[in-house]
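Down below is the structure, laid out as structure tokens.
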Amino acid sequence: MDILKFITAGSVDDGKSTLIGRLLYDTNSVLDDQLEAIQRANRKNNDGTLDLAILTDGLKAEREQGITIDVAYKYFQTEARKFIIADAPGHIQYTRNMVTGASNSDLAIILIDARKGVVEQTRRHSFIVSLLAIPNVLVCVNKMDMVDYDWAVFDKVKEDYERLTESLNIRQVDYIPVSALKGDNIVNPSANMPWYTGKPLLGFLETVTVSKARETAQARFPVQWVIRPQTDELHDYRGYAGRVVGGEFRVGDPVVVLPSGFSSVIERIELAAQTLDVAEDGASVVIHLKDDIDISRGDILVKQNEQPAVSQQFEAEICWMDTRPLDTGQVYLLQHHGKVAKVKIQDVVYRVDMQTLEKSPGGDFGLNDIGKVQFKSADPLAIDSYVANKANGGAILIDARNNLTVAALMITQSE
Amino acid sequence: MDYLDHLEAEAIYILREVAGQFEKPALLFSGGKDSITLVHLAEKAFRPGKFPFPLVHIDTGHNFPETIAFRDELVARLGERLIVGYVQDSIDAGKVVEQKGKNASRNALQTVTLLDTIAEHGFDACIGGARRDEEKARAKERIFSVRDEFGQWDPKRQRPELWNIYNGRIQKGENVRVFPISNWTELDVWNYIRRENIKLPSIYFSHERDVITRNGQLMAAAEFLNIDHEDVIEYRKVRFRTVGDMTCTAAVPSEAYHIDDIIEEIRLSKISERGARMDDKVSEAAMEDRKKSGYF
């Protein structure tokens, strides 16, 4: 059994929380005492049925305002898969929270209200999905019950969305007509839409194949921690602990340590008491090298024939996440795996108008702004482009004055 | 990668990030299955080296004796350091006042003892076994959850947490609560315990003991519960799904003697794990409110 991580984007008005609530409810993932709590809260829909949206709004402020402010993680499981939902707010004011939720997702569900069709918000959400390089998109055309389950309405939305994705980096798009409120095409095929012959939402999620881009990327192993017991019997034990981010490593692979450039060969790979031949993508292991060389946290092991650029100058798409705007005169800290380096802003290449998605040169970055910036780093960084390796092409920016995470960086090129 | 391998790899990665980013971390150990699982993961993350942190137990004094015996055996086997913060010490020092009456519990008091223990030892990161599926406020919390000088969680000012990059930079006096098994569900933990053959305190399995019924829940008949003539003591076959202290952890009637039985029982159960926790029943936002004031 594997895990599918997906994000749902859309506003409360689109029925996003209702959709998630419906998925949880219909897969028996809501238990009696949780239902009782909902009943105690006495939130009902107009027709007297239970308001499932309340299942996802975890904070007092959210319940009071009836909106989603921050990402909530929800879990459910069927015989086929374990699912992790990042339930992200859709409002423009919470763009950064959606970016946060999107960063760890393999699939995005974009909700479109059948009555309204593709709107500004749909474009903005799709743009973020493309920016964070989520490979699969599922468009749920919701509230089909409000348009008499009309095939033509569904087809029109599909046509409009296909046009929208032409300019975006989205590889695979699927479409399902649903009514989250009534439960049409959520778990069971809808009798109201015999014209739709595809799978209902749950069946789709259970079987969809997500991109294996990480497995086929070049192999990277950021060192987190060096294990040196220094006991009598383990006097010479020196293991490099970390997690494989993209590709795989095998015993016998010639490797290079970056940024120093020293080379060696993998002698042994361990996971606790087990010895492995291969460390696959995502595995947390301990690697031993043939040669005793200086390696510490922040260094990255790569294969000799798959080396990334090691550079102090690079360009990145950024999403600004702090209320204090980007100050181009300020030195920030960049965190990339175990490495923290001082960086300066060389140039603002462009900023995207989030209403129109048009790029304009230069400009200031405030909360939720997205654009492209050139950086100069005090230390050399072994960093990939985000498109080539998501797991080694992302970084965060920290404001050293208050330690806050102020931006997400998706590297576009380094030189 | 199988889902349990994925969850394990993620948790090990998070534990090593704590080791790499902090000066004085600690692992909060309650004796419950989630913190026992954390200890197992720490062994996978750091052996054959020593743990880069001590275990810290906040002891309410109202423990199940089985839990304390288990804790001491585990610590002896590990050869790691255990630090105990006693709620009784906070009471004796006049820092907190013991609740009165039949439903008195030390659950709320332990926050003060926890914060004092953190301050006394200067811990900058505390690893905990909380999971997001437990409760709706927890569903919102980051894996690295920054707490201010007063230990408080501010849900509106959480740092964005992108990919697997955790920002643990803090000012002096602040600390970070770290939750490596955030993405695990109750069933995931049990399946992992079965797969890894992890030992647990006996009270997780069905056994016979004296119980009383309080507010519709079965409670172990212990002296801390201020039992009086209105309480009817029954001898029943029960087990505990979560292990907090005896005043706030309810038992469930159960015939589950083996871990396979427990997994089957949870699959079929219609009541959530925290449904047996009196501390969550206070109000709709009970957990959010406690976290804001410094709870785990």
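Indicate the residues belonging to segment A:363-405 that lose 30 Å² or more of solvent-accessible heavy-atom surface (probe 1.4 Å) upon moving from the chain alone to the assembly of all protein chains, ignoring ligands and nucleic acids.
Checking the loss per residue gives A:396, A:403, A:404, A:405.
Looking only at segment A:183-208, which residues have a backbone nitrogen under 16 Å from a spot 7 Å from the Cα of residue A:148 in the C-beta direction?
A:192-195
Note every residue of segment B:39-66 with a reduction of at least 40 square angstrom in accessible area, all protein chains present versus the isolated chain, computed with a 1.4 Å probe, or write none.
Buried-area filter returns B:44, B:48.
Could you quote the convex hull projected area for segment B:201-280, Cα atoms only and averaged over all directions, in nm²? Let's see the in-between values first.
Details: hull surface 20.9 nm².
In nm², the orientation-averaged hull projection of segment B:201-280 is 5.2.
In segment B:145-187, which GluC sites (Glu not before Pro) fall in coil by DSSP and have 14 or fewer other Cβ atoms within 10 Å?
Details: sites: B:149, B:161, B:174, B:186; in loops: B:149, B:161, B:174.
Counting only loop positions with at most 14 other Cβ atoms within 10 Å, the GluC sites (Glu not before Pro) in segment B:145-187 are B:149.
Quick one: if you stick a label point 7 Å off each Cα along the C-beta vector at residue B:150 and residue A:231, how many nm between them?
If labels sit at residue B:150 and residue A:231, their model points lie 4.5 nm apart.
Using just the C-alpha positions of chain A as equal point scatterers, what log10 of I(q)/I(0) does the Debye formula give at each q in 0.08, 0.12 1/Å?
-0.51, -1.03
Give me the percent of the accessible area of segment A:93-150 that comes from carbon and sulfur atoms, probe 1.4 Å, all protein chains in place. Provide the component values of the computation, followed by the final result.
Details: 590 of 1480 Å².
The C+S portion of the solvent-accessible surface of segment A:93-150 is 40 percent.
Once amide H atoms are placed 1.01 Å from N in the peptide plane, what residues at a sequence separation of 5 or more from residue A:379, or on another chain, have their amide H within under 5 Å of its amide H?
A:342
To test your reading of the geometry: what angle, between 0 and 90 degrees and rounded to tens, separates the Cα axis of helix A:151-165 from the longest principal axis of chain A?
30 degrees
Any chance you could get the radius of gyration and Dmax over the Cα atoms of chain B, in Å?
18.7, 57
Counting just the Cα atoms, what span does segment B:138-177 cover along each of its three principal axes? Round to the nearest Å and put the largest first.
Cα spread of segment B:138-177 along its principal axes, largest to smallest: 27, 19, 14 Å.
Quick one: if the Förster radius is 25 Å, what FRET efficiency do residue A:92 and residue A:215 give, using the C-beta to C-beta distance and rounding to 0.05?
So the FRET efficiency works out to roughly 0.10.
For chain A, set up a Gaussian network in which alpha carbons nearer than 10 Å are linked by springs, and say which option among A:214, A:81, A:228 fluctuates the most.
Maximum among the listed residues: A:228.
Provide the descending list of Cα extents for segment A:310-414 along its principal axes, expressed in whole angstroms.
35, 32, 21
What distance in nm lies between label points placed 7 Å from Cα along the C-beta direction at residue B:77 and residue B:209?
The two pseudo-label positions are separated by 2.0 nm.
Shape call for segment B:1-67 from the C-alpha gyration tensor, a ≥ b ≥ c root eigenvalues: rounded (a/c under 1.5), prolate (a/b greater than b/c) or oblate? Intermediate results must be reported in sequence, preceding the final value.
Numbers: a/c = 2.45, a/b = 1.40, b/c = 1.75.
Oblate is the answer for segment B:1-67, as a/c is 1.5 or above yet b/c matches or exceeds a/b.
Straight-line reach from residue B:100: which lysines have a Cα under 22 Å away, not including same-chain ones fewer than 8 places off?
B:281
Mind giving me the FRET efficiency for residue A:80 and residue A:160? R0 is 45 Å, r the Cβ-Cβ distance, nearest 0.05 is fine.
Computed FRET efficiency for residue A:80 and residue A:160: 0.90.
Please give, to one decimal in nm, the separation of the simple spin-label points placed at residue A:364 and residue B:194, each 7 Å out from Cα toward the Cβ.
Label at residue A:364, label at residue B:194, 5.9 nm between them.
Among A:116, A:199, A:16, determine the one that fluctuates most according to a GNM of chain A built with springs between C-alpha atoms less than 10 Å apart.
A:116
Can you tell me which of A:76, A:365, A:154 moves the most in a GNM of chain A? Springs connect C-alpha atoms under 10 Å apart.
A:76
How tilted is helix A:120-131 with respect to the longest principal axis of chain A? Cα atoms for both, answer in degrees (0 to 90, nearest 10).
Value to nearest ten degrees: 20.
Please state the shape class of segment A:207-327: rounded when a/c is under 1.5, otherwise prolate if a/b exceeds b/c and oblate if not, all from the C-alpha gyration tensor.
On the way: a/c = 1.82, a/b = 1.47, b/c = 1.24.
In terms of gyration-tensor shape, prolate.
List the lysines whose Cα sits under 17 Å from the Cα of residue B:199, skipping any in the same chain fewer than 8 residues away.
By straight Cα distance, residue B:199 reaches B:33, B:44.
What whole-number value in Å² describes the accessible area per residue of the protein assembly as shown for a 1.4 Å probe? It would help to have the intermediate numbers written out before the result.
Values: 27860 Å² over 711 residues.
Heavy-atom accessible area per residue stands at 39 Å².
Of A:303/B:140; A:199/B:136; A:158/A:212; B:50/B:140; A:74/A:156, which ones are farther than 28 Å apart at the Cα? Don't skip to the end; give the middle numbers.
Values: A:303/B:140 38 Å; A:199/B:136 30 Å; A:158/A:212 26 Å; B:50/B:140 33 Å; A:74/A:156 32 Å.
The answer is A:303/B:140; A:199/B:136; B:50/B:140; A:74/A:156.
For helix A:32-41, report the angle its Cα long axis makes with the longest principal axis of the Cα atoms of chain A; keep it between 0 and 90° and round to the nearest 10°.
Once rounded, the angle reads 60 degrees.
Trypsin sites (Lys or Arg not before Pro) within segment B:141-177: which are DSSP loop residues with at most 11 other Cβ atoms inside 10 Å?
On the way: sites: B:142, B:147, B:156, B:157, B:169, B:172, B:177; in loops: B:142, B:169, B:172.
Counting only loop positions with at most 11 other Cβ atoms within 10 Å, the trypsin sites (Lys or Arg not before Pro) in segment B:141-177 are B:172.
With solvent modelled as a 1.4 Å probe, how much accessible area in total do chains A and B shield from it at their shared surface, in Å² to the nearest 100?
Chains A and B together bury approximately 5800 Å².
As a test of understanding, state the convex hull volume per residue of segment B:39-157 from its alpha carbons, in Å³.
153 Å³
What's the carbon and sulfur percent of segment B:201-280's accessible surface, probe 1.4 angstrom, rounded to a whole number?
Values: 1820 of 3580 Å².
The value for segment B:201-280 is 51 percent carbon and sulfur by accessible area.
List every residue whose amide H lies under 5 Å from the amide H of residue B:163, counting only residues 5 or more places away in sequence or on a different chain, with H placed 1.01 Å from N in the peptide plane.
A:103, A:104
Just round it to a whole percent: the fraction of Cα-Cα distances in the protein assembly as shown exceeding 43 Å.
Numbers: 66225 of 252405 pairs.
Roughly 26 percent, once rounded to a whole number.
In deg cm²/dmol, rounded to 500, what helix-only [θ] at 222 nm does the protein assembly as shown give when every DSSP H run of at least 4 residues adds -39500 (n - 2.57) and the total is split over its residues?
Details: 16 runs with 166 residues, N = 711.
That calculation yields -7000 deg cm²/dmol at 222 nm.
The values are calculated or read from the model by the stated rules, or taken from the named source; none is laboratory data. Since we're looking at a predicted model, the values are computed, not measured. Don't worry about glycine lacking a Cβ; one is built from the backbone with ideal geometry, like all the others, and counts go over all protein chains shown. Side chains included, ligands, DNA and RNA excluded: accessible areas come from the protein's heavy atoms. Shrake-Rupley method; radii C 1.70, N 1.55, O 1.52, S 1.80 Å.
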